[in-house]
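Engineer: Have a look at this one before I ask anything.
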Amino acid sequence: MRLHLIPGLGRIPIAKLTPAEVQAFLNAKLESGLSPRRVQYILAVLRRALVTAERWGIASRNVAKLVDPPRLIRHQIRPLTPEQRRQLIDAAAGDRLEALYLTAPGTGLRQGEMLALRAAVTRAFQGALARAGLPHSRFHELRRAAAMFLLAQEFTLEDVKNLLGHSSITLTSNTYGTC
């Protein structure tokens, strides 16, 4: 609240806050470079606060429920093929992060789960891809490659869901069920 909501909307009395003002606030947050997911979190906090304001009689309605939340951007899934995975592992031989490149596609761990040094991993990963003659890719594609590999080995969606730590089978199915 103190980082976004109070500076952005704090000057407007709750009873006078309009959906248009909330929508303009959300749009400004997106334009400032915040991700759609982060802006959705901000909207969720505002909605909860206005539920309390309604209950206490400070606001007659929850105007945050009347705005359009930002749409999440879904990235195209491009997991490495088994052949590309072998190329990457061959090219990573002797690399200081070789173990990472061997482990990630086999476990499906997130980048942050494997290392806290995100920028170093990303740079090194891009270098390993280049040495392997593979196109630029996000590190997260190794996690997806692990899921695809497991499904190709006839693991169930439930197995993959559990390994990846997904909250629901629907997420796993929507992401990997058609691959």
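Engineer: Tell me the trypsin sites (Lys or Arg not before Pro) within the range 1-92 that lie in a loop according to DSSP and have at most 10 other beta-carbon atoms within 10 Å.
Structural biologist: Filter output for the range 1-92: 2, 11, 71, 74.
Engineer: What number in nm² do you get for the range 63-110 if you take the convex hull of its Cα atoms and divide its surface by four?
Structural biologist: 5.5
Engineer: Follow-up question, since we're still on this one. Can you give the charge dipole size of the chain about its Cα centre, rounded to the nearest 20 debye, using +1 on the beta carbon of Lys and Arg and -1 on the beta carbon of Asp and Glu?
Structural biologist: Around 780 debye, computed over the chain.
Engineer: While we're on this one: Tell me the Kirkwood radius of the chain: reciprocal of the mean inverse pair distance over distinct alpha-carbon atoms, in Å.
Structural biologist: 19.3
Engineer: Give the relative contact order (percent, whole number) for the chain; include only Cα pairs under 8 Å separated by 6+ residues.
Structural biologist: 17
Engineer: In nanometres, what is the gap between the two model label sites at residue 102 and residue 54, each 7 Å from Cα along Cα-to-Cβ?
Structural biologist: 5.6
Engineer: For a quick check of your reading of the filter: which chymotrypsin sites (Phe, Trp or Tyr not before Pro) in the range 13-120 sit in a DSSP loop and have no more than 12 other Cβ atoms within 10 Å?
Structural biologist: Taking the range 13-120 and a limit of 12 other Cβ atoms within 10 Å, the loop chymotrypsin sites (Phe, Trp or Tyr not before Pro) found are 56.
Engineer: Using the beta-carbon distance between residue 154 and residue 28 and R0 = 41 Å, what value does 1/(1 + (r/R0)^6) give for FRET efficiency, to the nearest 0.05?
Structural biologist: The formula returns an efficiency of 0.25 here.
No lab work stands behind these numbers, since they all come straight from the coordinates. Predicted model only: the values in this text are computed from it and were never measured. Glycine gets a Cβ as well: all are built from the backbone with ideal geometry, and neighbour counts include every protein chain shown.
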